[in-house]
Amino acid sequence: MNRRTVLLLAVTCAVAVGNIYFPQAIGPLVAAGLHVSPDAAAAVVTATQIGYTAGMLLLVPLGDRLPHRPFLVSLLSLTGLALLAAGCAPALSPLVAAGTLVGLTTVGAQIVGPLAAGLVAADRRGAVLGTLLSGSTGGMLLARTFSGTLGEWLGWRAPYLVAAVLSLLLATVLAFALPTTTAPPSRRRYAALLTGPLRLLRTEPELRRSCFYQATVFAGFSAVWTCLALLLTGPVYGLGAQAVGVIALCGAATMLCTPLAGRLVDRYGPDPVNLVCLLGVLASAAILTAGARGGAPGLTALTLGTLLLDVTMQSGMVANQVRVYALRADARNRLNTAYMTCAYLGGSAGSWLGVHVWSQAGWRGVCALVALLAALALTRHLLAVRTARAERTPRRFTGIRRAADACRSRVRP
């Protein structure tokens with residue numbers, strides 16, 4: 001797997017993830033263009049997210065059964081057609097239906113990760129997964145800017161049509177550029193594939209551990225970003241919603257950090273990187289607490305704290321995915337489905353908890369919630385590392401200790 005293929009797969013992740021997020025920036029344009037209320041137009045974004053969740057549960061496990069290249073090409077082609085239908089939708093209802101299909105089929109990034117993990121050696125897996133994650137992060141960050149700017153110039157249909165062209169063009173390139181030696185590792189029936197993620201969660205403790213790490217950290221991440229807008233637009237700062245976007249752009253630094261985190265995982269293993277990342281989340285919670293003071297020092301604290309939180313969350317994800325993909329080569333897509341589903345459930349719970357904590361304890365309470373979640377993950381991590389070290393203790397040393405204890409007991413009066 002050469003650098004050109006890795007770069008192509010990173011672009012695939014960027015386009016696939018961007019298709020989920022770019023509708024968020026053109027909601028008001030859709031409302032004005034179709035003569036509906038902004039609340040009604042927001043149904044397009046909701047439908048896309050629901051479709052994406054369904055795609056993860058219903059389509060991603062098929063990656064363990066279907067040949068990777070035609071499966072990925074088919075998904076991108078269907079996404080392009082759905083985007084084309086959305087861009088030509090005459091009313092809101094057809095647009096919502098097309099948006100659901102876009103979300104359902106644009107799960108390419110969740111297929112690319114397991115595919116790449118099977119094409120590279122184990123000592124390069126972290127670096128490649130870090131590069132793919134940087135592509136996903138870039139797609140998420142740039143999609144809103146792209147669609148908002150293009151929509152202002154040419155109307156709300158233009159982002160959908162341009163995204164359709166990109167998806168169809170990428171499908172054509174992948175049809176010729178991807179290796180053909182990616183045979184499906186499993187011959188299980190579709191029903192068994194659908195229940196596979198739950199079965200793996202029950203039987204694989206390392207999968208449960210990785211899911212717990214990501215769910216707790218992503219919950220804190222979602223709580224911060226959900227409540228950050230409330231803080232910046234409230235009486236402490238009195239800023240507009242644009243301030244949140246400016247701070248979010250600082251998260252582009254994670255595109256440079258995740259490949260580095262992947263190389264560190266390849267060198268030292270996932271556990272040391274997880275430890276550093278969890279400590280980093282705790283440090284980010286302490287820095288973010290200073291944001292409650294307001295003014296320039298508070299804004300500086302918010303910028304640095306969110307940047308550290310973004311970097312540690314994404315770098316920890318690289319470590320978790322390397323651990324997860326190493327469990328079973330024949331079930332990587334089902335492992336990824338279980339992992340990502342737990343992560344999204346954690347993020348949803350974090351957003352809900354964050355709003356409730358904000359209403360009771362304000363910004364400092366939200367930061368305390370992040371610290372508590374990170375402390376839970378850190379405690380679980382330290383226990384796992386301690387258990388692993390105990391299990392790696394050679395039995396011969398245990399036998400020597402027992403013999404020494406027996407000798408001491410004999411010489412005692």
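Tabulated values for the structure
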| item | result |
| --- | --- |
| Meets criteria (touching a residue at least 12 places away in the same chain (Cβ under 8 Å), out of contact with any helix residue (DSSP H, G or I) (no Cβ under 9 Å at 6 or more places or on another chain) and over 30 Å from A43 (Cα atoms)) for P67 | yes |
| Count of region 200-228 residues which are free of Cβ contacts under 8 Å to residues at least 12 places away in the same chain and farther than 16 Å from L345 by Cα | 3 |
| Residues satisfying the stated conditions in region 82-123, i.e. surrounded by fewer than 23 Cβ atoms within 10 Å (Cβ to Cβ) and in contact with a Pro (Cβ under 9 Å, 6 or more places away or on another chain) | A85, G87, C88, G118, L119 |
| Enumeration of residues in region 192-207 that are under 22 Å from V322 (Cβ atoms) and aliphatic (A, V, I, L, M) | L200, L201, L207 |
| Near pairs, Cβ below 8 angstrom, 6+ apart or cross-chain, from region 25-41 (in the same structural domain as L154 (by TED's automatic domain parsing)) to any residue that is surrounded by fewer than 14 Cβ atoms within 10 Å (Cβ to Cβ) | A25/T145; G27/P38; P28/P38; L29/E152; A31/S37; A31/P38; L34/A91 |
| Entirely in region 185-297, the helices (runs of 4 or more DSSP H) that have 2 or more residues that are modelled with pLDDT under 90 and surrounded by 15 or more Cβ atoms within 10 Å (Cβ to Cβ) | 190-203, 205-233, 242-249, 254-268 |
| Single residue of G103, G135, G126, G148 found to be touching a residue at least 40 places away in the same chain (Cβ under 8 Å), in a helix (DSSP H, G or I) and over 17 Å from the mean Cα position of the chain (by Cα) | G148 |
| Residue selected from region 360-386 under the condition farther than 30 Å from L228 by Cβ and surrounded by 11 or more Cβ atoms within 10 Å (Cβ to Cβ), by the criterion modelled with the lowest pLDDT | V385 |
| Helices (runs of 4 or more DSSP H) contained in region 1-96 and holding at least 3 residues at negative phi and at pLDDT below 85 | 27-34, 38-41, 43-58 |
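The values are calculated or read from the model by the stated rules, or taken from the named source; none is laboratory data. All of these numbers come straight from a predicted model, not from anything done at the bench. Using ideal geometry, Cβ is built from the backbone for each residue, glycine included, and neighbour counts are taken over all protein chains shown.
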